[in-house]
Amino acid sequence: MAATVACGLAVAFDRWFGEPRRWHPLVGFGTLAGVVERRLNQPTGSGIARGGLALLLVTALPMTVALMLQWLLPEPWLTLAGALVLWLAMSLRGLAEHGEAVAEPLAVGALERAREQVGRIVSRQASALDDAGVAAAASESMLENGADAVFASLFWFLLAGIPGVVLHRLVNTLDAMWGYRNDRFLSFGRTAARLDDLMNWVPARLTALTYALLGNTTTAWRCWRSQAPGWDSPNAGPVMAAGAGALGVTLGGPAPYAGTVKVRPILGQGPKPDATTVRRAIDLVTQGVWLWLLVLVLTSLLALLAEWAVTGGVA
């Protein structure tokens, strides 16, 4: 029951306050990770070993604090601390705000402003995107970041408490910073990238299942099975294929990046995306969170009833 209460409080904090505008712990962590990477990511020696050492160094202190909170805090302070940590780790309201910032100008034909806003949340070359390309980029970002920033945080908190959600968020941040397939990070960032893939494997599939249940289930399931294996990410593929199928639109396909066009498989089935698709993707993530909370509440109530029956409520 305590974990359910903590998840509910975290979602409430996110809804009321959104992301902290100043002094977010992840900003400080990112600064530290950048300093350590510049010191250790050298051309001599094993890049994989240096990357693994860097990961251990930057996560040691926050994980020590997380473990101390989990082991030393009594209830109800542990529940409150868990809710605060989970609130800082997940970003449902922030995700919706970034998506709406793209959908609003796109809906009124302000393509340049929509391009500017989508460039804040994706790495592709926004200036080369048309209306459908902007909508696709934003919708894909909503679906994928819903898995990484929202559902995976909930999963790891439920599985391993404060240490679980902290480790996942730190590793996911390092993957975003170091997980590039270029000369600088190909070896150095491999440990963070592989650990992030491992930690997101189950949450990604639970997210894909959530999207399928809340949208066009048959199409989502078919797209997940047939299209996800062709995606270059083992976790983003199921999430975005199921999400596109659930929304009944076509995502994926060629995407412009600086100096090149990346050829990607087609995901989903249906018409091209538009501003409405971005908003529907936001709704899909939001409804998924409420579904998870409902399942948690029902599970907790069933556990309480079972305990009541065993301890003498029922002969």
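The values are calculated or read from the model by the stated rules, or taken from the named source; none is laboratory data. Predicted, not measured: the structure shown is a model, and the values here were computed from it. Glycine gets a Cβ as well: all are built from the backbone with ideal geometry, and neighbour counts include every protein chain shown.
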Residue match in region 182-196 (condition: over 20 Å from VAL11 (Cα atoms), crowded, with 19+ Cβ neighbours inside 10 Å and polar (S, T, N, Q)): yes
Strands (runs of 3 or more DSSP E) contained in region 199-315 and holding at least 2 residues without any contact (Cβ under 8 Å) to a residue 40 or more places away in the chain and closer than 22 Å to VAL122 by Cα: 260-262
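Quick check on my filter: what residues within region 41-61 are surrounded by fewer than 19 Cβ atoms within 10 Å (Cβ to Cβ) and closer than 21 Å to LEU167 by Cα?
So in region 41-61, the residues surrounded by fewer than 19 Cβ atoms within 10 Å (Cβ to Cβ) come out as 41-46, 48-49, 52-53, 56-57, 60-61.
Hits for region 41-61 are ILE48, ALA49, GLY52, LEU53, LEU56, LEU57, ALA60, LEU61.
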Tally, over region 106-129, of residues that are within 15 Å of THR276 (Cβ to Cβ) and not in a loop (DSSP other than H, G, I, E, B): 3
Qualifying residue in region 133-146 (condition: surrounded by fewer than 24 Cβ atoms within 10 Å (Cβ to Cβ) and aliphatic (A, V, I, L, M)): no
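Considering ALA54, ALA103, ALA96, ALA83, which residue is part of a helix (DSSP H, G or I), in contact (Cβ under 8 Å) with a residue 40 or more places away in the chain and over 24 Å from ARG169 (Cα atoms)? Give the derivation first.
Values: ALA54 fails: over 24 Å from ARG169 (Cα atoms); ALA96 fails: over 24 Å from ARG169 (Cα atoms); ALA83 fails: over 24 Å from ARG169 (Cα atoms).
None of the others qualify; the one that does is ALA103.
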Test: residue in region 115-126 that is at pLDDT below 95, farther than 26 Å from GLY18 by Cβ and not basic (Lys, Arg): yes
Selection within region 109-131 - surrounded by 13 or more Cβ atoms within 10 Å (Cβ to Cβ) and either of a type in the set (Val, Ile, Thr) or over 15 Å from VAL261 (Cβ atoms) (or both): ALA110, LEU111, ARG113, ALA114, ARG115, GLU116, GLN117, VAL118, GLY119, ILE121, VAL122, ASP131
